[in-house]
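**Q** One structure follows; several queries about it will come next.
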Amino acid sequence: MTRNNRLKGGLINRDTSLNFTFDGNSYSGFEGDTLASALLANGVRLMGRSFKYHRPRGPLTAGSEEPNALVELRSGGRQEPNTRATVAELYDGLDAKSQNRWPSLERDVMAINDRFSNFLTAGFYYKTFMWPKAFWEKLYEPIIRKAAGLGSLTGEDDPDLYDKGFLHCDLLVIGAGPAGLAAALTAGRAGAQVILADEDFHLGGRLIAETGALTDISGADWVTQAQAELASMDNVRLMPRTTVFGAYDHGIYGAVERNADHLAVPTEGKPRQTVWRIYSKRALVATGAIERPIAFENNDRPGIMLAGAVRAYANRWAATPAQSVVVFANNDDAHQTARDLMAQGIKVPAIVDTRADAPDVEGTEVLKGAEIINTSGRLGLTSVQVQLAEGYTRDLYCEALAMSGGWNPNLGLTCHQRGRPIWNADIHAFVPGDGLPVGQIVAGAANGEMTTDAALKSGAAAAVSALDDLGIPATQAELPTAKDAPVSLSPFWHVKGAKRAWLDYQNDVTVKDVKLAHQENFISVEHLKRYTTLGMATDQGKTSNIGALAVMAELTGKSIPETGSTIFRPPYTPVSMGALAGRAVGRDFHPTRLTPSHKWAEEQDAVFVEVGNWMRAQWFPRKGEIHWRQSVDREVLQTRSSVGVCDVTTLGKIDVQGANAAAFLNKIYANGFAKLPVGKVRYGLMLREDGVAYDDGTAARLAEDHFVVTTTTANAVLVYRNMEFVRQCLCPEMDVQLISTTEAWAQYAVAGPNSRKLLQKIVDPEFDLSNEVFPFMACGEITVCGGLRARLFRISFSGELAYEIAVPTRYGDALMRKLMEAGEEFDAVPYGTEALGVMRIEKGHAAGNELNGTTSALNLGLGRMVSTKKDCIGNVLSRREGMNTPDALALVGLKPVDAKDAVPAGGHLMNKDGPIDAAHDQGYVTSAAYSPILNSSIGLGFVKGGFDRKGEHLRLVNPLEGQEVLVEIVSAHFVDPEGEKLRA
Amino acid sequence: MHKLKPITPLGGATRRQDTIGAVTITEVVDQALASVAARNGQAKAVQRALTDQIGLTLPDVGKAADAAPFATFWMGTEQWMVTAPYDSHELLAAELKQIVGDSASVVEQTDGWCRFDVAGAAVCDLFERMSNAPVRSMATGEAIRTTAEHLGVFLWRLADDRIAILGPRSSAGSLHHGLLAAAKSVA
């Protein structure tokens, strides 16, 4: 039934009516409403079901601390579970559904759990589902997982965009209540760079929730003035709808700005939310305080709310949860709720005050020294039972109860770096202690300054002090006056004797659960938390932690501070995964790198493979080829018989210059480079400090003091970084300068017996490519195509007569086209990484599979490359005894005894006879391919003492898949072992 | 003269320009680049040579300088990037090597980088979404080495409403995509 609980006044725009649905029912509200305020105004108190017992629940609060009123907002890919109705800004067309219930919110079958609450107490998982052991994984866990959780996801992709960004400021003010506004005005007027962030869409904090917070002007009017002034300052950035969710190192704060959550659909191209990383020199936490509930029997019915929230709904949103509201409190502050409601014509049957000396309130009865001992109403409150001081009980009919156990400073951000709060006996609450994050200060209610007047003054003073630290002179802003009295409160945490009195509403933790934890010796707060799940819900126990601590303190006979407090961790409120991911999703997860011939390769319908961030052509299918092997075999055969071209730009290229360039290379390579003549290239092997080989490549000497080092594609960055480390840290005395030129040059391998003929058509005629003038391992700076500067290296990865030619990258595309055009007469083919891999296996060249982080130069058959005549990185440790045993692994070739068999990569090698187990392991296969030249599957692998075992047969096994192939150990150089082709 | 046709970092025959809202993103392809790294103990000699011959002052950390047609920004300890118009200084590295001789190592960097000049009133709003560099407090003539779109880049404040970003050429597409996305966000 819809009832009109809309009041007069408020900060809602009655000219803009907004239609929305909740569980399929249509309602309307106004601009400025939240979903919760609009539902309350429509007479809806029931908004959700609790986590464990499926108890009917309505909103407890009017803010981000809400534990109860969680809904699923939107639908399809935009569906967002566990959205707090109390902060969901109403928009036209909003579609919300209740969650954790079936079949409907009013009739929820799982509410049966409530009947079995005696069995579902704290720790029941651990006690109930222990036996039989095998049932846990197969039965209990799936059932529990199905029953657990609140909202649901659709599994569809989120269609919206999320941004990330970075902001810098002198002073970050977190919270735009009285303290935050006073601080921002003070700092803004001083000319400091200020960011003022508030999670709410309306600035003002409690100033806009209270009547008469200020004496000479309404709170809302002063907020409007302050906001207008701040908005006019270029040095101030106002960020409403922005939750600062974490305090990180060095004054960095994480914040999420909800750019479009108040719209049905974000504007095209615009983000729904933005995660900001805010670099602050100083940060002022002005996050206010959170009211605490009182635990009493059945204190969780819809309509039972915090007194400050009821007041906020009435004053700011012009909404009341009911026409008849009882107040239950231990402090004067809650009396204002009664006054504000009565001023709006709402009936307040009584104020139940636990204090015997509570003051009177005009217009209603104050039941002093009384307690509420029970409530009624299945889907919403209908009455409360009061235990009067005189000893007898009285029922009060009401549809809402405004309760208040006092206020806790909102400490979340002060604890994010393990700051421990301290107890303030004056306000009976924890306040920030030592160990605040660097540069952080706290003001206002968050610091225990519980009056508006104190909040305003402390905010302004904190800003002056923070700016003073930064050398920015500032004077406190002129502030409005406020004459509110300090909170007068007598601690009261729970009504004794209650059977089920809720502390943590969201996770259904009651006073009884805390007692049980105590009884079972889970007394430490950390144990209490984990045993009962107190504070572990999406609200992080913002309204519950202190109540549970108080109960535990009572049970143990200790004080609350002695009992301790649990730590708050980021995020302060939940942050959506989409916002954390930002734009880096799907294809944009990481940047891609395109080779200079990418466009041309696309035109050839190349199949691409990701190699790191590079997109490399894997093979180039031709018409009629339906299997990749057909393309790869063709590319290999054509290259070996005529000529092929491959884009090898991805190999790392590092320019090394300086008077000590050669000595430097001697240091980083295992083999010597000092005597390499200008105009020559040498293969080099790099070792880690522990003597294990980690990269190989070539270094070309272009001048006495100038080399170009090439690295493998995968290790380009690592090698460059290691070289910089050697240059800067190990050998700073060496005169050597490094810079990457990987991107600057487009480089192509031109391989095959016709490669020289092809290049002769490209390279300008004054450069002689004959074997005599430009032999194997020659290099030089040349020109091509009529004058374009280029570099030519006669090196070969395929084992063929081969060159690598480099031109400035902008001409890479043109050179590829030119090479293919000039190569037409030789039937030149482009080849991809697959053919490249096949040819290097045929040639026995090690690659990443062999340089796998466990193998030494000796294992690779390159032991003699590790020079003993000079020092180099890894030299000493490569001589360790254990790395030089006679049966050390050795790189060998493997071919199947039966040519029809395949050599699977990754398999392990066992002797022909004997057991197949780890103890008898003879080695393993690192690379395998089908060789179209040999018409056989071939492989490379490491075999114990393998250099002396050529011709021996081994079993190549894969016990997991039941494979076993008989293979023969052969030379790793299947093709042209003498190297005649590449020297031709 | 060779007849090979160059392509731009984005793969086009000519530079690409996009205007989104009040922001214009222009692919810059007319500048040659060369790195100049002082040899050990030779920074002053490098500075002297460049000042004497082309009037260029080598800037301090985070700064840029210019002496038309040349400009330069700091890129590392005693290392600078020098730029000049490509058409007139295609062989910029060789030209600079002539000037500095053995006092510095000079490396051609022209095609190692892509560059986009982003212009418009919202230029800081845009780069705030790309990089953690404090772009709002960067004065004209400051250049910073930072990251954007997971790439190592330089940001160079050319004017109040104009910032150049230089990133690795092979990732020009990714960087450009990031710029367009950020431009749409702030449009």
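**Q** Quick check, is B:VAL153 within 14 Å of chain A (Cβ to nearest Cβ), over 30 Å from B:ARG48 (Cβ atoms) and touching a strand residue (DSSP E or B) at 6+ places or on another chain (Cβ under 8 Å)?
**A** When the stated conditions are applied, B:VAL153 passes them.
**Q** Related question: For the subset of the range A:758-773 comprising residues that are touching a Gly at 6+ places or on another chain (Cβ under 9 Å) and assigned to a loop (DSSP other than H, G, I, E, B), which member is least open to solvent (accessible area, probe 1.4 Å)?
**A** A:ASP764
**Q** For the range B:123-142, what are the residues that are among the small types (Gly, Ala, Ser) and either within 11 Å of chain A (Cβ to nearest Cβ) or touching a Gly at 6+ places or on another chain (Cβ under 7 Å) (or both)?
**A** B:SER131, B:ALA133, B:SER137 - these are the residues of the range B:123-142 that are among the small types (Gly, Ala, Ser) and either within 11 Å of chain A (Cβ to nearest Cβ) or touching a Gly at 6+ places or on another chain (Cβ under 7 Å) (or both).
**Q** If you scan the range A:727-757, which residues turn out to be within 11 Å of chain B (Cβ to nearest Cβ) and outside any loop (DSSP other than H, G, I, E, B)?
**A** Correct list: A:ARG727, A:GLN728, A:GLN737, A:LEU738, A:ILE739, A:SER740, A:TRP745, A:ALA746.
**Q** Kindly state which helices (runs of 4 or more DSSP H) lie completely within the range A:570-643 and contain at least 3 residues that are open to solvent by less than 70 Å² (accessible area, probe 1.4 Å) and within 14 Å of chain B (Cβ to nearest Cβ). It would help to see each step written out before you state the result.
**A** On the way: elements: A:577-581, A:598-603, A:628-641.
Correct list: A:598-603.
**Q** Among residues belonging to the range A:33-53 that are open to solvent by 10 Å² or more (accessible area, probe 1.4 Å) and not polar (S, T, N, Q), point out the one that is nearest to A:PHE116 (Cα to Cα).
**A** A:LYS52
**Q** Now for a different question. State all residues of the range A:267-303 that are in contact (Cβ under 8 Å) with a residue 40 or more places away in the chain, acidic (Asp, Glu) and either within 12 Å of chain B (Cβ to nearest Cβ) or part of a loop (DSSP other than H, G, I, E, B) (or both); if no residue qualifies, say none.
**A** Correct list: A:ASP300 only.
**Q** Quick one: which of A:LYS542, A:LYS558 is out of contact with any His (no Cβ under 7 Å at 6 or more places or on another chain), within 30 Å of A:VAL431 (Cα to Cα), crowded, with 21+ Cβ neighbours inside 10 Å and among the basic types (Lys, Arg)?
**A** A:LYS542
**Q** Can you find a residue in the range A:782-798 that is more than 21 Å from A:LEU637 (Cα to Cα), of a type in the set (Ser, Thr, Tyr) and away from every other protein chain (no Cβ under 14 Å)?
**A** no
**Q** Test A:LYS457 against the stated conditions and say whether it is buried (at least 19 other Cβ atoms within 10 Å of the Cβ) and charged (D, E, K, R).
**A** yes
**Q** In the range B:156-187, how many are more than 26 Å from A:LYS599 (Cα to Cα), crowded, with 23+ Cβ neighbours inside 10 Å and within 7 Å of chain A (Cβ to nearest Cβ)?
**A** Qualifying residue count for the region: 1.
**Q** Hey, another quick one. Just need a number here: residues in the range B:12-54 that are more than 19 Å from the chain's Cα centre (by Cα) and closer than 22 Å to A:SER597 by Cα.
**A** So the answer is 2.
**Q** Now for a separate question. Of all residues in the range A:807-827, which are open to solvent by less than 20 Å² (accessible area, probe 1.4 Å) and facing another protein chain (nearest Cβ under 7 Å)?
**A** Those that are open to solvent by less than 20 Å² (accessible area, probe 1.4 Å) and facing another protein chain (nearest Cβ under 7 Å): A:PRO808, A:THR809, A:TYR811, A:ASP813, A:ALA814, A:LEU815.
**Q** Residue by residue through the range A:104-150, note down the ones that are open to solvent by 100 Å² or more (accessible area, probe 1.4 Å) and either in contact with a helix residue (DSSP H, G or I) (Cβ under 6 Å, 6 or more places away or on another chain) or within 21 Å of A:THR538 (Cβ to Cβ) (or both).
**A** Once the filter is applied, which keeps residues that are open to solvent by 100 Å² or more (accessible area, probe 1.4 Å) and either in contact with a helix residue (DSSP H, G or I) (Cβ under 6 Å, 6 or more places away or on another chain) or within 21 Å of A:THR538 (Cβ to Cβ) (or both), the range A:104-150 yields A:ARG145, A:LYS146.
**Q** When the range A:476-495 is examined, which residues are found to be β-branched (Val, Ile, Thr) and at pLDDT 95 or above?
**A** A:VAL495
**Q** Let me ask something additional. With the structure loaded, tell me whether A:ALA192 is part of a helix (DSSP H, G or I) and either more than 14 Å from chain B (Cβ to nearest Cβ) or crowded, with 21+ Cβ neighbours inside 10 Å (or both) or whether it fails that test. Write out each step before concluding.
**A** On the way: part of a helix (DSSP H, G or I): no; either more than 14 Å from chain B (Cβ to nearest Cβ) or crowded, with 21+ Cβ neighbours inside 10 Å (or both): yes.
Against the criterion (part of a helix (DSSP H, G or I) and either more than 14 Å from chain B (Cβ to nearest Cβ) or crowded, with 21+ Cβ neighbours inside 10 Å (or both)), A:ALA192 does not qualify.
**Q** Against the definition (crowded, with 20+ Cβ neighbours inside 10 Å, part of a strand (DSSP E or B) and in contact with a strand residue (DSSP E or B) (Cβ under 7 Å, 6 or more places away or on another chain)), how does A:VAL71 come out, yes or no?
**A** Considered against the rule, which asks whether it is crowded, with 20+ Cβ neighbours inside 10 Å, part of a strand (DSSP E or B) and in contact with a strand residue (DSSP E or B) (Cβ under 7 Å, 6 or more places away or on another chain), A:VAL71 comes out as yes.
**Q** Taking A:SER867 and the conditions (1) in contact (Cβ under 8 Å) with a residue 60 or more places away in the chain; (2) in contact with a strand residue (DSSP E or B) (Cβ under 9 Å, 6 or more places away or on another chain); (3) of a type in the set (S, T, N, Q), which numbered condition does it fall short on, given that it satisfies the others?
**A** (2)
**Q** Across the range A:87-145, what is the total count of residues that are touching a His at 6+ places or on another chain (Cβ under 7 Å) and under 30 Å from A:THR16 (Cβ atoms)?
**A** Number of matching residues: 2.
**Q** Also: Out of the residues in the range B:94-113 that are open to solvent by less than 30 Å² (accessible area, probe 1.4 Å) and farther than 18 Å from B:ARG169 by Cα, state the one that is farthest from the other protein chains (Cβ to nearest Cβ).
**A** Out of the qualifying residues, it is B:ILE99.
**Q** Which ones in the range A:237-266 are in a strand (DSSP E or B) and open to solvent by less than 20 Å² (accessible area, probe 1.4 Å)? First the steps, then the outcome.
**A** Start the filter on the range A:237-266 by keeping residues that are in a strand (DSSP E or B), which leaves A:237-239, A:242-247, A:252-257.
Correct list: A:MET239, A:THR242, A:THR243, A:VAL244, A:PHE245, A:GLY246, A:ALA247, A:TYR253, A:GLY254, A:ALA255, A:VAL256.
**Q** Continuing with the same structure: For the range B:33-42, check the following and say yes or no: at least one residue is open to solvent by less than 30 Å² (accessible area, probe 1.4 Å) and not aliphatic (A, V, I, L, M).
**A** Yes, the range B:33-42 has at least one match.
**Q** Conditions: (1) more than 14 Å from chain B (Cβ to nearest Cβ); (2) open to solvent by 30 Å² or more (accessible area, probe 1.4 Å). A:HIS168 meets all but one. Number of the miss?
**A** A:HIS168 satisfies all of (1) more than 14 Å from chain B (Cβ to nearest Cβ); (2) open to solvent by 30 Å² or more (accessible area, probe 1.4 Å) except (1).
**Q** Considering only residues of the range A:207-236 that are under 33 Å from the mean Cα position of the chain (by Cα) and open to solvent by 60 Å² or more (accessible area, probe 1.4 Å), which is farthest from A:GLY177 (Cα to Cα)?
**A** Applying the filter and picking the extreme gives A:ASP234.
**Q** If you don't mind, there's one more thing I want to ask. Checking A:ASP426 against (1) surrounded by 19 or more Cβ atoms within 10 Å (Cβ to Cβ); (2) closer than 25 Å to A:LYS483 by Cα; (3) without any contact (Cβ under 8 Å) to a residue 40 or more places away in the chain, which test does it fail?
**A** A:ASP426 satisfies every listed condition except (1).
**Q** Go over the candidates A:PHE707, A:PHE673 one by one and state the one that is in contact with a strand residue (DSSP E or B) (Cβ under 9 Å, 6 or more places away or on another chain), among the hydrophobic types (A, V, I, L, M, F, W, C), open to solvent by less than 10 Å² (accessible area, probe 1.4 Å) and outside any strand (DSSP E or B).
**A** Numbers: A:PHE707 fails: outside any strand (DSSP E or B).
Of the residues listed, the single one that is in contact with a strand residue (DSSP E or B) (Cβ under 9 Å, 6 or more places away or on another chain), among the hydrophobic types (A, V, I, L, M, F, W, C), open to solvent by less than 10 Å² (accessible area, probe 1.4 Å) and outside any strand (DSSP E or B) is A:PHE673.
**Q** So in the range B:2-24, with the set limited to residues that are part of a strand (DSSP E or B) and crowded, with 16+ Cβ neighbours inside 10 Å, which one is farthest from the other protein chains (Cβ to nearest Cβ)?
**A** Filtering first and then ranking leaves B:THR24.
**Q** Tell me, please, whether a residue that is assigned to a loop (DSSP other than H, G, I, E, B) and more than 12 Å from chain A (Cβ to nearest Cβ) can be found in the range B:65-75.
**A** yes
The values are calculated or read from the model by the stated rules, or taken from the named source; none is laboratory data. Keep in mind that this is a model prediction, so the values were computed, not measured. Glycine also receives a Cβ, built like all others from the backbone with ideal geometry; neighbour counts cover every protein chain displayed. Remember, those area values only see protein heavy atoms, side chains included, never the ligands or the DNA or RNA. Shrake-Rupley method; radii C 1.70, N 1.55, O 1.52, S 1.80 Å.
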